[in-house]
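Written out below as structure tokens is the structure these notes cover.
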Amino acid sequence: MFTNKSNNSSKETATGLATIIASGTEINGNIESKGDIRVDGILVGNLTTTSKVLVGPGGQIKGDVHANTAEVLGQINGNVRIADLLYLKGTCEVNGNIYTGQLQVDATASFNGECHMGNTGANVVAIKNEMVNAAASDQ
């Protein structure tokens, strides 16, 4: 009876879960993850993940962001390197250079910096290669 419950729990993996930095929380330091990350509080440091980043409407990142995909509704002060799609939503504000495969920007979003797009850019290709190599070494 207990064996079935523990077996079911052990089969669940962290791949479907997200790390959340809640509103009212401030973290000072770099974060590295393989899963999704949602920032509703404040992160002072660099954020790196091989998955997705979501910066909520009240979220702030004061540092560089490296991810596979990202949706920004809050504020980022730093360079943003996204391998696939970066979506700047609502009244978000990004102050820094963007390197991304694809960019989608709402009319109300604010972006101050340079934008480098497409798979031909060396920075985006390097990010994808790093993510593929990291994923392969984990298996």
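The values are calculated or read from the model by the stated rules, or taken from the named source; none is laboratory data. Please read these numbers as outputs of a predicted model, since none were measured by experiment. Cβ: placed from backbone, ideal geometry, glycine included. Neighbour counts: every protein chain shown.
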Could you tell me whether Met117 is aliphatic (A, V, I, L, M), at pLDDT below 60 and surrounded by 12 or more Cβ atoms within 10 Å (Cβ to Cβ)?
no
Per the list (1) at pLDDT below 95; (2) among the aliphatic types (A, V, I, L, M); (3) crowded, with 19+ Cβ neighbours inside 10 Å, residue check on Ala122 breaks on (3)
So which pairs qualify, if the first residue must be in segment 32-48 and touching a residue at least 40 places away in the same chain (Cβ under 8 Å), the second must be hydroxyl-bearing (Ser, Thr, Tyr) and surrounded by 15 or more Cβ atoms within 10 Å (Cβ to Cβ), the Cβ gap must be under 7 Å, and the two must be at least 6 apart or on different chains?
Lys34/Thr49; Lys34/Thr50; Lys34/Ser51
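Of the residues Ala83, Ala109, Ala22, Ala67, which is modelled with pLDDT of 95 or more and touching a helix residue (DSSP H, G or I) at 6+ places or on another chain (Cβ under 8 Å)?
Ala83
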Tally of residues being touching a residue at least 24 places away in the same chain (Cβ under 8 Å), of a type outside the set (Ser, Thr, Tyr) and not in a loop (DSSP other than H, G, I, E, B) across segment 73-100
3
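So that you can scan it fast, the table gives a plain yes or no per residue for (1) surrounded by fewer than 19 Cβ atoms within 10 Å (Cβ to Cβ); (2) of a type in the set (A, V, I, L, M, F, W, C):
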{"residue": "Lys52", "(1), (2)": "yes, no"}
{"residue": "His66", "(1), (2)": "no, no"}
{"residue": "Ala70", "(1), (2)": "no, yes"}
{"residue": "Asp84", "(1), (2)": "yes, no"}
